[in-house]
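Below you'll find the structure, written out as structure tokens, and then a few comments.
The values are calculated or read from the model by the stated rules, or taken from the named source; none is laboratory data. If you're wondering where the values come from, they're calculated on a predicted model, not measured in any experiment. All Cβ positions, even for glycine, are placed from backbone atoms using ideal geometry, and neighbour counts span all protein chains on display. With ligands, DNA and RNA removed, areas are computed over all heavy atoms of the protein, side chains included. Shrake-Rupley method; radii C 1.70, N 1.55, O 1.52, S 1.80 Å.
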Amino acid sequence: MGGRAQDRDRQRAWGQFLLSVMIVLIVMWSWSGSEIDLPRLAESGGRIAEFLGRMMPPDLSVLPVVIESSAETLRIAILGTVGCIFLSAVLGLLAARNLTPAIVHVPVKTVLAVIRGVPLILVAMLMVGAVGLGALPGILAIAFHATGMLAKFYAEAIESIDPSPIEALESAGATFLQKLRFGAWPQIAPDVLRDTLFRFEMNLRESLILGVVGAGGIGFYIQMYVRAFQYDRVATLTIVVIAFVVVIELVNNAIRGLLR
């Protein structure tokens, strides 16, 4: 018995050693192929300071534009998150292997993996080409792209539930919806709410850059002012974006505190 335990410990130690070696080799490979020039990096400090100097002082005359575009960005993030919640609720149920047969959950998980693999900017460009400029393509892009991750999280939460309550409800003749409501939901609710809030934060950050491809929001004005070399206006938008993200972070932390 003791010899078997020693063999397992030895195998675990060798596995950890090989994993460490593999990580080191991967880092070395990444470093060697990235053309990182430390002297050139050290010399870049002056150019960075010069660029930041062009942004000072911020031009506050664009505040009305900033406020309007920030509101549009927030609407894109909110409506995109609502859309991906509805899609993820359906696809998450279908992707859970303890609720559906392999013929259902395997293709659904494959589709979700494909969605996660498509870059958000590409999705936004496709949506802009399909429905035109404005907030709508941003909402559609966020809803589509975020579903790939959120539905995966929902499915994993469902797969980790204790089957005993559901089996008890099943023996009592409960319907599928009753098993979900009274057997599964109480177990997965904390994970679902946490993952949804996390995804909303990500959607807000991602919606900030969608304007680069014409999908509305504050990102549109950032790229417009950068192209016009109006860096003092870019500074104003940057400050507002930072404040925006910090406020959303504080609100989400407060909501998480209430849900604990």
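Among the residues of region 166-179, count how many are surrounded by 13 or more Cβ atoms within 10 Å (Cβ to Cβ) and over 15 Å from Thr100 (Cβ atoms).
The total comes to 5.
Please tell me if Phe144 is under 23 Å from the mean Cα position of the chain (by Cα), modelled with pLDDT of 80 or more, surrounded by fewer than 18 Cβ atoms within 10 Å (Cβ to Cβ) and aromatic (Phe, Trp, Tyr).
On the way: under 23 Å from the mean Cα position of the chain (by Cα): yes; modelled with pLDDT of 80 or more: yes; surrounded by fewer than 18 Cβ atoms within 10 Å (Cβ to Cβ): no; aromatic (Phe, Trp, Tyr): yes.
No, not satisfied.
Has region 95-103 got any residue that is of a type in the set (A, V, I, L, M, F, W, C) and touching a residue at least 60 places away in the same chain (Cβ under 8 Å)?
Start the filter on region 95-103 by keeping residues that are of a type in the set (A, V, I, L, M, F, W, C), which leaves 95-96, 99, 102-103.
If we keep only those that are touching a residue at least 60 places away in the same chain (Cβ under 8 Å) as well, we get 95-96.
The answer is yes; a qualifying residue exists.
Are any of the residues in region 96-116 in contact with a His (Cβ under 9 Å, 6 or more places away or on another chain), at pLDDT 85 or above and open to solvent by 80 Å² or more (accessible area, probe 1.4 Å)?
Scanning region 96-116, I find at least one residue that is in contact with a His (Cβ under 9 Å, 6 or more places away or on another chain), at pLDDT 85 or above and open to solvent by 80 Å² or more (accessible area, probe 1.4 Å), so the answer is yes.
Residues Val62, Val123: which one is in a helix (DSSP H, G or I), farther than 24 Å from Glu201 by Cα and either of a type in the set (Lys, Arg) or touching a residue at least 12 places away in the same chain (Cβ under 8 Å) (or both)?
Numbers: Val123 fails: farther than 24 Å from Glu201 by Cα.
None of the other options fit; the residue is Val62.
Report whether or not Gly46 is over 19 Å from Gly219 (Cα atoms), part of a helix (DSSP H, G or I) and at pLDDT below 85. Give the derivation first.
Numbers: over 19 Å from Gly219 (Cα atoms): yes; part of a helix (DSSP H, G or I): yes; at pLDDT below 85: yes.
In short, yes.
Kindly list the number of the only condition in (1) closer than 23 Å to Phe200 by Cα; (2) touching a Lys or Arg at 6+ places or on another chain (Cβ under 9 Å); (3) outside any helix (DSSP H, G or I) that fails for Arg97.
(1)
Here's the yes/no breakdown for (1) more than 14 Å from Cys84 (Cα to Cα); (2) open to solvent by less than 10 Å² (accessible area, probe 1.4 Å):
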{"residue": "Phe153", "(1), (2)": "no, no"}
{"residue": "Ser164", "(1), (2)": "yes, no"}
{"residue": "Arg181", "(1), (2)": "yes, no"}
{"residue": "Leu193", "(1), (2)": "no, no"}
{"residue": "Val213", "(1), (2)": "yes, no"}
{"residue": "Tyr221", "(1), (2)": "yes, no"}
{"residue": "Tyr231", "(1), (2)": "yes, no"}
{"residue": "Leu237", "(1), (2)": "yes, yes"}
{"residue": "Phe244", "(1), (2)": "yes, no"}
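Is there a residue in region 138-155 that is farther than 25 Å from Val66 by Cβ, out of contact with any Cys (no Cβ under 9 Å at 6 or more places or on another chain), touching a residue at least 60 places away in the same chain (Cβ under 8 Å) and among the small types (Gly, Ala, Ser)?
yes
Pull out all pairs, ordered by first then second residue, where Cβ-Cβ is under 9 Å, the residues are six or more apart or on different chains, the first lies in region 171-187 and is among the charged types (D, E, K, R), and the second is open to solvent by 80 Å² or more (accessible area, probe 1.4 Å).
What qualifies is Lys179/Glu170.
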